[in-house]
């Protein structure tokens, strides 16, 4: 009998739960669709591409301004197991948000193995601080910034929600709400999987970067996962919802029939419950006056 390495999984079984490209062999088709739709969005919408928010070549973001002044902002963080993909792949999410008067930003960050996960988290924090500092110039409203992410980006978005921004002399509620699609909230199984030779997590760093072990802030958090995703991805959502249940601020959604590469589409489709709920959180009354 094979040795169990995590819960009821041996090494082969655990790796299969997190090997998403093997699970969805047609994944290149999704990547191609994202690229084509994103190129079209950049052509038809006003946008400012590759804005520097830091000194590293990967510390750039794309910004799509809404056609109104003092608009709220949705910042999106891409996935790719902290080591792949690019902000340009997700420009296709921008059009429906622009139509609804919401600025849209797509964020890049240094990738593993060059960067550790803590360094990636710090980079994403820098991006949000840059958006806050430059909100007025960009036509945004500082008091209405939300963050969303897919897969590893969902993990990062959730950590941004838990950030104590006052440590950097920013308002405590710099991020008003977050939405995590197909996120990873407990990094221990990632540490034990085939991904770790690149990510180089140890038990301490994996726990420190796991939202499931952090206290909730009470700010709204939307979680969504596809019913066609692996049992581990569905469990990840269930475990975070359970850990943060006392906050009363977590809402969970199941995306019927969606696999891992289909789930980001809910942020491009205004008819989905996730989009509608996130829109209501973003465009609702601000909780404080911008400073």
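No lab work stands behind these numbers, since they all come straight from the coordinates. Predicted model, so just to flag it, every value in this text is computed and none were measured. Here Cβ is always computed from backbone atoms with ideal geometry, including for glycine, and neighbour counts include all displayed protein chains.
Of 11, 237, 83, which has the largest mean-square fluctuation in a 10 Å C-alpha GNM of the chain?
Between 11, 237, 83, it is 11 that shows the largest mean-square fluctuation.
Computed FRET efficiency, Cβ-Cβ of residue 10 and residue 276, R0 51 Å: what is it to the nearest 0.05? Write down the numbers at each step before the final one.
Numbers: r = 41 Å, r/R0 = 0.81.
Between residue 10 and residue 276 the formula returns 0.80.
Using only alpha carbon pairs under 8 Å that are at least six residues apart, calculate the relative contact order of segment 4-283 and give it in whole percent.
17
Taking the Cα centre of each part, how many Å lie between segment 167-237 and segment 87-148?
If we compute the Cα centre of each part, the gap is 17 Å.
Order 61-67, 203-209 from most to least packed using the mean count of other Cβ atoms within 10 Å.
Peptide ranking by packing, descending: 61-67, 203-209.
Below 8 Å between Cα atoms, with a sequence gap of 6+, how large is the relative contact order for segment 24-104 in percent?
Computed over segment 24-104, the figure is 37 percent.
Fewest first, what order do 36, 279 take by the number of other Cβ atoms within 10 Å?
Going from sparsest to densest Cβ surroundings: 36, 279.
Compute the acute angle (0 to 90°) between the alpha-carbon long axis of helix 231-243 and the principal axis of greatest extent of the alpha-carbon atoms of the chain; round to the nearest 10°.
60
Starting from one equal scatterer on each C-alpha and no solvent at all, send me the Debye-based log10 I(q)/I(0) for segment 173-262 at q = 0.17, 0.23 Å⁻¹, two decimals.
Listed by q, the Debye log ratios stand at -0.77, -1.17.
Fully extended, how many nm does the chain gain between residue 99 and residue 133 (0.36 nm per residue separation, minus their Cα-Cα distance)?
Using 0.36 nm per residue and subtracting the Cα-Cα distance, I get 9.8 nm.
Averaged over every viewing direction, what's the projected area of the C-alpha convex hull for segment 15-59? Give it in nm², one decimal, please.
For the Cα atoms of segment 15-59, the hull's average projected area reads 5.1 nm².
Quickly rank 26-33, 153-160, 126-133, 244-251 as a protection proxy: mean count of other C-beta atoms within 10 Å, highest first.
Ranking, from highest mean packing down: 153-160, 126-133, 244-251, 26-33.
What does DSSP give for segment 4-283 in terms of the percent of beta bridges that are antiparallel, rounded to the nearest 5?
For segment 4-283, the DSSP antiparallel bridge percentage is about 25.
With a 10 Å radius around each residue's Cβ, average the other Cβ atoms per peptide and rank 178-190, 110-122, highest first.
So the order, starting with the most tightly packed, is 178-190, 110-122.
Restricting everything to alpha-carbon atoms, can you work out Rg to Rh for segment 1-89 with a Kirkwood hydrodynamic radius?
Here Rg/Rh amounts to 1.14.
Taking only Cα atoms, what is the 0 to 90° angle, nearest 10, from helix 152-162's long axis to the longest principal axis of the chain?
Around 60 degrees separate the two axes.
For n ≥ 4 DSSP H runs only, could you compute -39500 (n - 2.57) per run for the chain, divide by its residues and tell me the 222 nm figure to the nearest 500?
-10000 deg cm²/dmol
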